[in-house]
Amino acid sequence: MLRVVLFGPPGAGKGTQARRIAERLGVPAISIGEIFRSHVAERTDLGRRAQPYLDAGNLVPDEITVAVVRDRLAQPDAKAGFLLDGFPRTVHQADGLRGLLAETGVRLDCALELIVDEEELVRRLFSRRLSGDVAGVRRKDDHPNTIRHRLAVYREQTAPLSEYYEAQGLLMRINGTGAVEEVTDRAMAALQAAVSRRSS
Ligand code: AMP
């Protein structure tokens, strides 16, 4: 049973890798972006509050986001471990997660960071804009100006997670370029190394 967070810049392939890694681990892949997008599509109250942030490529405020994560992690399927895709995205959220987990007496096992250089990210995001994501879904936030803004938001607000998790001995960096299968294999090897490091 593993509790893992996956982070990396927009376009790094988080969604794709999250589903593949979670399947291999037998835990749910929980995408906070997906949860927000489905609330927007269903026009729920939460969706109405989150939409302006998603459309602009900004982060939804931490109070809203942490509450969503708290509800999702309280569901039965997450009791046996989880892979969080796209959360935390700020150091403040990471502290929030640590607090949430501590309430139930558990801890994170590993933080996986997907590394892809910025030129490649821009190329991928522009091509996703034309063809849609893996499911063929076109995202409103894959607009050229929004893409650049999301990358800047990542650099400023999310990249510091790398040091945060490194200091806790939880960080594993993975090269996110190359074939999808190769990246998954690297992630699985990193997870195995993290687990044996923790138990030794
Ligand atoms: P993603 O699908 O992970 O690319 O997320 C899409 C959008 O959802 C982001 O640009 C944010 O507007 C919002 N979002 C996803 N995860 C978070 C988070 N951890 N904190 C705040 N906003 C988030």
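Only the coordinates and a few stated rules stand behind these numbers; no lab work does. What you see is a predicted model; the values in this text were computed from it and never measured. Cβ placement follows ideal geometry from the backbone for every residue including glycine, while neighbour counts extend to all protein chains displayed.
For this structure, a couple of remarks:
- The listed residues are 138, 129, and the only one of them that is crowded, with 16+ Cβ neighbours inside 10 Å and free of Cβ contacts under 8 Å to residues at least 40 places away in the same chain turns out to be 129.
- Meets criteria (in contact (Cβ under 8 Å) with a residue 40 or more places away in the chain and either of a type in the set (Lys, Arg) or near the ligand (Cβ under 8 Å from one of its atoms) (or both)) for residue 24: yes
- Considering residues of region 72-104 that are out of contact with any Phe, Trp or Tyr (no Cβ under 8 Å at 6 or more places or on another chain) and of a type in the set (Gly, Ala, Ser) only, the residue farthest from the ligand (Cβ to nearest atom): 80
- Hey, residue 18 within 10 Å of the ligand (Cβ to nearest atom), among the hydrophobic types (A, V, I, L, M, F, W, C) and surrounded by 15 or more Cβ atoms within 10 Å (Cβ to Cβ) or not: yes
- Residue among 129, 148, 89 that alone is in contact with a His (Cβ under 9 Å, 6 or more places away or on another chain) and not aromatic (Phe, Trp, Tyr): 129
- Note on region 38-91: among residues that are part of a helix (DSSP H, G or I) and of a type in the set (S, T, N, Q), the one that is nearest to residue 110 (Cα to Cα) is 65.
- Among the residues making up region 86-116, a single one is closer than 19 Å to residue 195 by Cα, under 12 Å from the mean Cα position of the chain (by Cα) and not hydrophobic (A, V, I, L, M, F, W, C): 113.
- Test: residue in region 86-99 that is surrounded by 12 or more Cβ atoms within 10 Å (Cβ to Cβ) and more than 17 Å from residue 6 (Cα to Cα): no
- Hey, residue 90 without any contact (Cβ under 8 Å) to a residue 40 or more places away in the chain and either touching a strand residue (DSSP E or B) at 6+ places or on another chain (Cβ under 7 Å) or of a type in the set (Ser, Thr, Tyr) (or both) or not: no
- Some residue of region 111-123 being free of Cβ contacts under 8 Å to residues at least 24 places away in the same chain, farther than 22 Å from residue 150 by Cβ and not basic (Lys, Arg): no
- Among (1) in contact with a helix residue (DSSP H, G or I) (Cβ under 9 Å, 6 or more places away or on another chain); (2) within 16 Å of the ligand (Cβ to nearest atom) - the single one residue 152 does not satisfy: (1)
- Of the criteria (1) closer than 24 Å to residue 174 by Cβ; (2) within 10 Å of the ligand (Cβ to nearest atom), which one residue 62 fails: (1)
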